[in-house]
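The values are calculated or read from the model by the stated rules, or taken from the named source; none is laboratory data. Since the structure is predicted, the reported quantities are computational estimates derived from the model, not experimental observations. Neighbour counts run over all protein chains shown; Cβ positions are idealised from the backbone, glycine included.
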Amino acid sequence: MDKADLIEKAGRLLVVGFPGKMVTEDVKRLIHDYRVGQFILFGRNVGLPEELAELNANLQEEARLAGHQQPLLICIDQENGIVRRLKDPATAFPGAMGLGAANDLDLAKRIGFATGKELKEVGVNWNLAPVVDVNNNPKNPVINVRSFGESPTKVSELAVAWLKGCQDAGVATTLKHFPGHGDTQVDSHLDLPTIKHSLNRLFEVELIPFITGIKNGVDTIMSAHIYFSALETREGVPATLSRHILTGLLRERLGFDGVITTDCLEMKAIANTVGVANGAVEAIKAGADLAMISHTYEYQVNAIKKLVEALEQQTLSLEQVLQSNKRIEALKNKYSSWEQATQSVTNIQALYAEHKALAEESYRKSVTIIPNKENSENIRHLDPSKKVLAVYSGNHGFLQVEEQNRPSIIKELINVYPADLDCYEVKFDQHHDDFLEKKVKDYDDIIVINGHHDERFQSFISPIVSTGKAVVLALRNPYEIRHFKDARYYVCVYDDQAAAIKEGLNAIYGVGKSEGKLPITIESNYFIK
């Protein structure tokens, strides 16, 4: 096999990303010269829906001109909730934990289908969702509300319903992050987490959703950059680089015959250890079919060269690479065609209108009201005639997986409600010493809106909550309500999209019915379970 053939085989093993909303010269080289067959999109690539459809059609046309036998796989992280690459005017749906609170399999399937339809309409044929990590660690910094909850059975059922809906819309699905990222306190974007659970425990909790998803025809599985001491004998080697895990466990023991992809190899758990290009080679050796390098052109090209070198030196099995190529071809046959791929005309606006009612229904069903044990009868809706104070933090935190910090929209949303309402944004570059005595006593009711983990905000707001006047509205992290034991009651909405905040405020003001149930346990002696 000559070098051109080896480049062809190696290039097919990469998923790559690129900056901007145009097909760049680097992208053309990756498609033409390095034969890359998969691309990942982020918020940086996403403009208006019509622009995105045109970008994807242009990518596909470039592949056709380069002589690719099949269209590109174009993937994106459209989990919904806090990880949502298609922004407005795309439909905002609840993320996994919101659906866990609603606990409605039909609803989950309909949202999976609607999400897939909106992706397919703009030329995306592969969704890097759903997350099936079982979130049983309240301190998990990166999964949290991206999980359906803490019950392996419920996570499995909801994930299968969601993925079948997405597949029915013609979009491939992904279970992530194998063999489980739910019980970590470290973000693998930033460092290498370790999980020390026994093999029995992993089969009782973390692996159940993956096993269920495999039985129900999931298309791809994404590996986690996590060291599992019970599964890998070499200390510090993450699942992504472990043949024991990707081949021994996932392929041979669990019987998965679909496509295995890595998470991005530029995450620091890989980049700061074995390195990006070497990581690509080691991941493919371990049993991955696709190595994902989401950002840097130089890393992408270097990885292909390293893969070709490994094939030439026979340190990487050509037979294994050919098997990976076949799995990728089969996935493309199922979810792509040249006729669909090169069309940029989109009817997306009609879909947004069609999905509006579904989005409203899903957010309404996810809203969860939690009584305070000491004051369980005090779920009194706020009276619009009373004087109300809304307090929230101006420091809107975000995770690296979200890509960007969004401006707060709380004031704009809350002012829709009573006329006699004041908003107070806590900014920690300002002094608030006189806030309690001059402000709080003047109000009948207080709404504390807790957007994310911030110990300064918790410390500042605790005396306000202790007055007994406050209702706490938890947006992104339901576990945070345990810090506010004196609240009258608590409302959780599981993300900070405008639709989620609106339904949370509706619950506080008694507009509509809140149906959600906590899909996790919040350890405290002051909640009614």
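Overview of results
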read-out: Given (1) under 30 Å from K87 (Cβ atoms); (2) touching a Ser or Thr at 6+ places or on another chain (Cβ under 8 Å); (3) modelled with pLDDT under 90, number of the condition K513 does not satisfy; value: (2)
read-out: Whichever residue in the range 266-301 is touching a Gly at 6+ places or on another chain (Cβ under 7 Å) and of a type outside the set (S, T, N, Q) and, among such residues, is farthest from L316 (Cα to Cα); value: H295
read-out: The one condition in (1) modelled with pLDDT under 80; (2) out of contact with any helix residue (DSSP H, G or I) (no Cβ under 6 Å at 6 or more places or on another chain) that K387 fails to fulfil; value: (1)
read-out: Matching option when the condition is modelled with pLDDT of 95 or more, assigned by TED's automatic domain parsing to the domain that holds Q300, of a type in the set (A, V, I, L, M) and surrounded by fewer than 19 Cβ atoms within 10 Å (Cβ to Cβ), among A57, A66; value: A66
read-out: Subset tally (residues that are of a type in the set (V, I, T) and either surrounded by fewer than 21 Cβ atoms within 10 Å (Cβ to Cβ) or closer than 14 Å to L249 by Cα (or both)) for the range 221-238; value: 2
read-out: Residues that are farther than 22 Å from K356 by Cα and touching a Pro at 6+ places or on another chain (Cβ under 9 Å), drawn from the range 489-508; value: Y489, Y490
read-out: Residue in the range 264-276 that is touching a helix residue (DSSP H, G or I) at 6+ places or on another chain (Cβ under 9 Å), part of a helix (DSSP H, G or I), of a type in the set (A, V, I, L, M) and more than 25 Å from P179 (Cβ to Cβ) present; value: no
read-out: Cβ-Cβ under 6 Å pairs, at least 6 apart or on other chains, the range 513-524 side surrounded by 14 or more Cβ atoms within 10 Å (Cβ to Cβ), far side part of a loop (DSSP other than H, G, I, E, B); value: S514/V367; G516/V367; P519/G149; I520/G149; I520/E150
read-out: Hits in the range 283-303 - residues which are surrounded by 24 or more Cβ atoms within 10 Å (Cβ to Cβ) and charged (D, E, K, R); value: D289
read-out: Helices (runs of 4 or more DSSP H) (entirely within the range 133-217) containing at least 2 residues that are at pLDDT 95 or above; value: 152-168, 208-215
read-out: Residue in the range 288-325 that is nearest to K176 (Cα to Cα), counting only those that are outside any helix (DSSP H, G or I) and without any contact (Cβ under 8 Å) to a residue 60 or more places away in the chain; value: T296
read-out: Number of the condition not met by L358 [criteria: (1) buried (at least 17 other Cβ atoms within 10 Å of the Cβ); (2) at pLDDT 95 or above; (3) in contact with a Lys or Arg (Cβ under 7 Å, 6 or more places away or on another chain)]; value: (1)
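Okay, residues lined up against (1) in the same structural domain as S385 (by TED's automatic domain parsing); (2) within 24 Å of L107 (Cα to Cα):
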| residue | (1), (2) |
| --- | --- |
| V471 | yes, no |
| A474 | yes, yes |
| P478 | yes, yes |
| H483 | yes, no |
| D495 | yes, yes |
| A498 | yes, yes |
| L518 | no, yes |
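Rundown of residues vs (1) β-branched (V, I, T); (2) out of contact with any strand residue (DSSP E or B) (no Cβ under 7 Å at 6 or more places or on another chain); (3) surrounded by fewer than 21 Cβ atoms within 10 Å (Cβ to Cβ); (4) free of Cβ contacts under 8 Å to residues at least 40 places away in the same chain, yes/no style:
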| position | (1), (2), (3), (4) |
| --- | --- |
| I7 | yes, yes, yes, no |
| V15 | yes, no, no, no |
| V27 | yes, yes, no, yes |
| G37 | no, no, no, no |
| G43 | no, yes, yes, no |
| E51 | no, yes, yes, yes |
| L72 | no, no, no, no |
| E79 | no, no, no, no |
| M97 | no, yes, no, no |
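The rows are residues; the columns are (1) modelled with pLDDT of 85 or more; (2) assigned to a loop (DSSP other than H, G, I, E, B).
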| site | (1), (2) |
| --- | --- |
| V440 | no, no |
| F457 | no, no |
| I481 | yes, no |
| Y490 | yes, no |
| I501 | yes, no |
| A507 | yes, no |
| K517 | yes, yes |
| S524 | no, yes |
